[in-house]
Amino acid sequence: MKNLLKPLNLVFFFVVLAVLAACSSETTTQETTSISKYETTAVAFMALQNGDVELVVTDNVVANEYIKNNPESGFKAIDDQENFESEFYGLMFPKGSEYKAHLDQALKTVIENGTYTQIYQEWFGTEPNVDFLLEKIAEETIEAPGEVEMKKLVVGTDAAFAPFEFMDNGQIVGFDIDLLAAVMAEAGFEYEVNNVGWDPLFASIQGKNIDLAVSAITINDERKETYDFSIPYFESTHMIVFKEGLEINDANDIIGKRIGVQNGTTGQSAAERIIEKNK
């Protein structure tokens, strides 16, 4: 009986090998594209530096800021306006927030009176296209502010997305943080900013543990189902960041590559759309 089992075991062994080989070849023929999701974009860039991924898809301003501040990284970045759509950032509120109308009005005033331009120039060294931004805002409905409790507002952020919000000597700084200060001053609210992280930010808003969030948060239809957004205050798009030596000419070249993204961001969504389009 033992002698009969030996050839049967051998046959089983080779069957298993054949199945594994078939699975392996199937993975290869379907293009070995993979997406690794990281807690922050900074960690995604670290993974790129270490060779864990071949490229990172992230917001254009963040990509350029990282490359400017880390020239030794050897990173390059390209955009692709044909495949990556423009998007807009907004302040994010719990559904039905009574503070949204007040801060919408204050944000619009800050954009119109030149304060926004001053803050933008300080952080980016260029002039914003305020006329275009105001055209976009004109498409929105700004409700008349009602009576609200003038309490100290709690603002959440993810301070790991330079130059919009990041830690500097123990302080949360960035373009978003300076803009928030101007908006709160215009609206007459005291406030505090808490660094809660990216994923907890959305849970905190949904649970109404914070009054609003500012963190370069893209306004899109999917998020609008769960959250309210202010009028837009910044136009952005995506870029592909990679090491010199890798040939990337447009977004379609991410197919077959190991891709890094920050989890739950529109950078992840942009990468997934390109992969889906190329199936």
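FYI, it's all coordinate maths here, none of it is from the lab. Keep in mind that what you see is a predicted model, and the values were worked out from it rather than measured. Please note: Cβ atoms are built from the backbone with ideal geometry, for glycine as well, and neighbour counts cover all protein chains shown.
The table for this structure:
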quantity	calculated
Positive-end residue of 270, 48, 226, charge dipole of the chain with Cβ unit charges	48
Helical contribution to [θ] at 222 nm, DSSP H n ≥ 4, -39,500 (n - 2.57), averaged over the chain, rounded to 500	-13000 deg cm²/dmol
Span-like helix ranges in the chain, DSSP H, alpha carbon extent 15 angstrom or more, Kyte mean at least 0.0	2-29, 175-187
Long pairs among 95/277; 95/136; 108/208, criterion Cα-Cα beyond 29 Å	95/277
Local net charge near residue 83, Cβ-Cβ under 9 Å (Lys/Arg +1, Asp/Glu -1)	-2
Relative compactness, the chain, computed as alpha-carbon Rg over 2.2 N^0.38 Å	1.26
Over 20 Å between alpha carbons, listed pairs 243/279; 76/257; 76/279	243/279; 76/279
Percentage relative contact order, the chain, counting C-alpha pairs under 8 Å, at least six apart	39 percent
Shape of region 236-279, Cα gyration tensor, a/c cut at 1.5	oblate
Alpha-carbon centroids, region 171-208 and region 30-83: separation in whole Å	26 Å
Inter-probe distance in nm under a simple model that places probes 7 Å from Cα toward Cβ, at residue 70 and residue 269	2.5 nm
